[in-house]
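Bear in mind these aren't lab numbers, they're just calculated from the coordinates by the rules spelled out. It should be emphasised that the depicted structure is a prediction, and the values quoted were computed from it without experimental measurement. Glycine gets a Cβ as well: all are built from the backbone with ideal geometry, and neighbour counts include every protein chain shown.
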Amino acid sequence: MDGKIILGFLNYLTEGIVFILGLLSLLVFGQKKKLTFLFLMFLAAGLMSFLFFAGFAFVLPSISIMGFCIILNLFIQNQEFFSSENSRPDSYNGYESKPKKNVIILYIVVSVLFTAGLGFLFFVYNDDFFKNISIVASFNTATLFGIIQNISENYAPLIFIFIIMLFMSIIWFIAIIKKESKKN
Amino acid sequence: MNIQYISLFSFIIFLMGLCGAVLSRRFLNILISLQFFIISALINFLGFSLFIYDLSYWDKSFVFFAVISIYLFLFMIVFYNYSKQTNIYWLDAMADMALFKSDKSDWWGDQKDDSA
């Protein structure tokens with residue numbers, strides 16, 4: 001069997017797993033189950049990055065992803081441990097916590113229609129682009145040494161991300177300060 | 001493998017994230033939807049670099065830094081909520097637990113009453 005066909009099959013398979021696990025993590029009730037499916041989705045995404053011949057680009061930064069998963073788990077466990085059903089009021093500041101059934105159905109229908117419309121537009125306007133694209137003859141694997149060499153030589157992505165992070169941090173801290181000043 | 005299928009697939013994941021982020025009001029669901037955005041961007045980056053360029057490292061180093069910085073940022077948001085919930089925030093931010101404390105009296109000394 002041709003290697004490219006096997007690779008293609010594995011690629012579609014892992015992408016399908018990512019999609020199914022992601023959908024499950026959104027739809028399943030219960031926060032711990034959601035977190036489990038989310039973690040499995042990360043594992044599938046790591047496998048997928050290997051199939052794109054760039055495993056190091058995703059697996060090495062996974063240390064920060066692990067930190068994120070641990071703190072999210074702690075947060076949810078803490079929330080479930082200390083919260084009780086009696087402490088949740090039915091209405092909070094005039095807003096009802098549970099919307100009516102027909103409102104939920106309306107939300108779902110509008111969001112599905114909106115996303116379907118966006119998907120249709122994406123498909124229609126990108127069709128020509130993909131027909132005219134020139135694809136490489138053979139796929140090459142990115143080595144860890146090559147990535148490290150590129151990081152040490154090329155500072156453009158680092159500077160770009162640094163500027164974006166500064167911008168996002170400023171927005172985040174402004175949001176916190178406003179929230180804190182309202183409370184005080 | 002077909003780049004069009006992969007791109008469409010990543011867009012479906014993006015739309016799923018958009019749908020979840022718009023539709024849901026729960027903190028966890030919105031965070032999961034943000035993960036879909038990130039995974040979708042990752043598939044696009046790695047897919048296009050594999051199919052269009054012979055061997056490029058620019059995108060890999062970009063993905064390397066982007067994944068680290070985005071997840072540190074998400075870590076910051078979740079830790080903020082976690083610290084609020086567990087009162088760590090008030091211990092650290094409001095109480096006097098800093099290693100180096102500096103206030104006005106450290107610079108100008110204690111105020112003395114001259115009339116005495």
Helix A:31-51 sits off the longest principal axis of the Cα atoms of chain A, rounded to the nearest 10 on a 0 to 90 degree scale, by 10
Seen from all sides and averaged, what is the projected area of the convex hull of the Cα atoms in region B:48-88, in nm²?
3.3
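Under the rule that an exposed site lies in a DSSP loop and has at most 12 other Cβ atoms within 10 Å, name the longest stretch of chain A with no chymotrypsin sites (Phe, Trp or Tyr not before Pro) of that kind, not counting the sites themselves.
Excluding the exposed sites themselves, the longest stretch runs over A:30-154.
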Give the distance, in whole Å, between the Cα centre of region B:34-84 and the Cα centre of region A:106-123.
25
HN-Hα couplings for region A:137-151 via Karplus (6.51, -1.76, 1.60; θ = phi - 60°), in whole Hz with x for Gly/Pro, come out as 6, 9, 8, 10, 8, 7, 8, 5, 4, x, 5, 5, 4, 5, 5
For chain A, what size does the Cα cloud have along each of its three principal axes, sorted from largest down, in whole Å?
62, 41, 32
For chain A, longest principal axis from Cα atoms; helix A:156-183 axis from its Cα atoms; angle between them, nearest 10 degrees, is 0
Which percent of Cα-Cα pairs in region A:113-184 sits in each 5 Å bin, short to long?
3, 11, 8, 8, 8, 13, 19, 14, 8, 4, 3, 1, 0
For a bin width of 5 Å, list the pair-distance distribution of region A:1-75 built from all Cα-Cα distances, rounded to whole %.
3, 16, 21, 21, 18, 11, 6, 3, 1, 0
If one takes the longest principal axis of the Cα atoms in chain A, at what angle in degrees, from 0 to 90 and to the nearest 10, does the Cα axis of helix A:62-82 lie?
20
Please average, across the residues of A:3-15, the number of beta carbons from any other chain that are within 10 Å of each residue's own beta carbon, and give a whole number.
2
So A:Ile133 and A:Val109, fully extended at 0.36 nm per residue minus their Cα-Cα distance, gain in nm 5.1 nm
